[in-house]
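Let me begin by presenting the structure, written as structure tokens, before commenting on it.
The values are calculated or read from the model by the stated rules, or taken from the named source; none is laboratory data. Owing to the predicted nature of the structure, the values given are computational and were not obtained by experimental measurement. When we count neighbours, we look across all protein chains shown, and the Cβ atoms used for this are built from the backbone with ideal geometry, even at glycine. Accessible surface is based on the protein model in full, side chains and every heavy atom, while ligands, DNA and RNA are left aside. Shrake-Rupley method; radii C 1.70, N 1.55, O 1.52, S 1.80 Å.
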Amino acid sequence: MVLVIVVVTALAFDFTNGFHDTGNAMATSIATGALGPRVAVALSGVLNLVGAFLSLSVAATIASGLVDTNLVTLTVVFAGLAGGITWNLLTWFFGIPSSSSHALIGGVVGSTIAASGGHAIKWHGLFAKVIIPAGMSPIIAMVVAATGTWLVYRLSRGVSEQVRSHGFRIGQIGSASMVSLAHGTNDAQKTMGIITLALIANGTIGAGAQAPFWVILSCALAISLGTYMGGWRVIRTLGKGLVEIESPQGMAAESSSAAVILLSSHFGYSLSTTHVATGSILGTGIGKKGAEVRWSVAGRMATAWLVTLPAAGIVGAGAYGLAHGIGGTGGVLVVLAILIGVAVAIYLRSRSTAVSHDNVNAEWTGGVAPPPATPVEPAAAAA
Amino acid sequence: MNNSWVDLHALWKIVVVGMICGAGLPALFAIGLRALSLPRSGQPAGPTDDRIIGGNPVGLAAATVCFAVVLAAIGWGIYIIVAGT
């Protein structure tokens, strides 16, 4: 019973991971009109699905190396997921591209501390594998993207404006596809790892076993479905809020993201796709002369990144405390009910300031949701 | 040189190869686009010229090489994903 709840909750997390991160790959393509909003999310969804199947060797458990897996119970995993989902939904509501991986790690670490105390956490692993890479990866991405943007504008100086924007839009589709693929290989693996961890904790499969096929399939489907739903609020912030983006900048940003994400996972340097994508987009603003970078938006994001781990951790710890306090399956069910309640409340609240494929590209006026008075131009949005 | 907190060995490789792929490939794409749009010799070129394929045979050949390298790099990237680790 509890195992079923944990698996379903993990898939729900995977779903929020998908729609939270659509923007990482597609925000710039949508902003420059290289792809129509709905085509973009469909393409990204399919590529996430493909990506999740492409690389299975990484089937790395997110928790191993961070927490003492012997002390992990189903309730701990469940509470951690509750923390991750809550944080993902909240940041989505505010249109902040925060890291889904950090939300998950924070949740699991928080619930593990609540369950077994601080000694169950491998602090060195947490710093060396999560916190330090999180600080460096956006900077690397930013430098690469800024260099790329500068080079691209420098080298295409003789080309007419029209040719340039048309040509780079084609390039953007290719580079954005690579980011989607990379995202599928990275992030779907994390949920696969969590479900495998739950199965091991339950004794269903032996320790060190590979993820069963149904786990791979369901995770791949959940993340691609989530991606297809499109986290329009986050897409809007990334595509319109940070920097006004032209197609050469978009291509430079996505190339930088794809290169940094793929290389990092290749060299075993774990990082958040969100941090890399955001760093790249900021970089293209720096690399183009005269481009406006909205540092206040960037600052708000950086703040959210800093609090992601502890905030998701506190929710995870609280969820564990409540579930454990009530005890047994009943405790898990109560937390599940609260989690569903919170999710529905955030969703209903978001309806009043909806961002969708219709108004995702509306002029940035300082907030996530475009003012309702602004007439939506269907032609511009659909282009 | 390495320490247990920061994996410098991986880090410098990511920075260098990331620069080559992440910034170099779009730059190559830009060169390809510029070569492709070069006008046929004898024709006046201008910033108002909005044809992507300019018709210059040398430009066309250079563009083909540029785009081929970019595509090869993408293929290599996908190979890395599939091969794992």
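Screening A:S296, A:S265 for residues that are farther than 23 Å from B:I80 by Cβ and either in a helix (DSSP H, G or I) or within 14 Å of chain B (Cβ to nearest Cβ) (or both) leaves exactly one candidate, A:S296. Checking A:I281, A:I286 one by one, the residue that is surrounded by fewer than 24 Cβ atoms within 10 Å (Cβ to Cβ) and modelled with pLDDT of 90 or more is A:I286 and no other. State whether one or more residues within segment A:59-70 are in a loop (DSSP other than H, G, I, E, B), open to solvent by 30 Å² or more (accessible area, probe 1.4 Å) and free of Cβ contacts under 8 Å to residues at least 40 places away in the same chain. For segment A:59-70, residues in a loop (DSSP other than H, G, I, E, B), open to solvent by 30 Å² or more (accessible area, probe 1.4 Å) and free of Cβ contacts under 8 Å to residues at least 40 places away in the same chain: absent.
Of all residue pairs spaced 6 or more apart or on separate chains, those with beta-carbon atoms under 7 Å, a first member in segment A:31-47 that is farther than 22 Å from A:F15 by Cα and a second member that is open to solvent by 30 Å² or more (accessible area, probe 1.4 Å) and polar (S, T, N, Q) are A:A31/A:N361. Tell me which residues, restricted to segment A:231-262, are outside any helix (DSSP H, G or I) and open to solvent by less than 10 Å² (accessible area, probe 1.4 Å). Answer for segment A:231-262, where residues must be outside any helix (DSSP H, G or I) and open to solvent by less than 10 Å² (accessible area, probe 1.4 Å): A:G231, A:L242, A:V243. Any idea which of A:S218, A:S180 is hydroxyl-bearing (S, T, Y), open to solvent by less than 10 Å² (accessible area, probe 1.4 Å) and in a helix (DSSP H, G or I)? Checking each option against the conditions leaves just A:S180. Here A:I85, A:I30 are screened, and the one residue that is at pLDDT 90 or above and more than 28 Å from A:G316 (Cβ to Cβ) is A:I30.
Listed here are the residues, each with its yes/no results for (1) in a helix (DSSP H, G or I); (2) within 7 Å of chain B (Cβ to nearest Cβ).
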site: A:I131; (1), (2): yes, no
site: A:P138; (1), (2): yes, no
site: A:L151; (1), (2): yes, yes
site: A:R169; (1), (2): yes, no
site: A:S175; (1), (2): yes, no
site: A:K190; (1), (2): yes, no
site: A:G193; (1), (2): yes, no
site: A:G206; (1), (2): no, no
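When A:L11 is tested against (1) aliphatic (A, V, I, L, M); (2) surrounded by 24 or more Cβ atoms within 10 Å (Cβ to Cβ); (3) modelled with pLDDT of 90 or more, just one condition goes unmet, and that condition is (2). Residue-level analysis places A:A291 among those that are at pLDDT below 90, touching a Ser or Thr at 6+ places or on another chain (Cβ under 9 Å), in a loop (DSSP other than H, G, I, E, B) and not basic (K, R).
If you go through segment A:90-116 and keep only what is part of a helix (DSSP H, G or I) and open to solvent by 20 Å² or more (accessible area, probe 1.4 Å), you end up with A:L90, A:W92, A:F93, A:I113, A:A114, A:A115, A:S116. All of A:H124, A:H119 fail the test of being open to solvent by 30 Å² or more (accessible area, probe 1.4 Å), farther than 29 Å from B:A73 by Cα and either more than 9 Å from chain B (Cβ to nearest Cβ) or not in a helix (DSSP H, G or I) (or both), apart from A:H119. Please work out if A:R157 is surrounded by fewer than 22 Cβ atoms within 10 Å (Cβ to Cβ), farther than 26 Å from A:A311 by Cα and not aliphatic (A, V, I, L, M). In short, yes.
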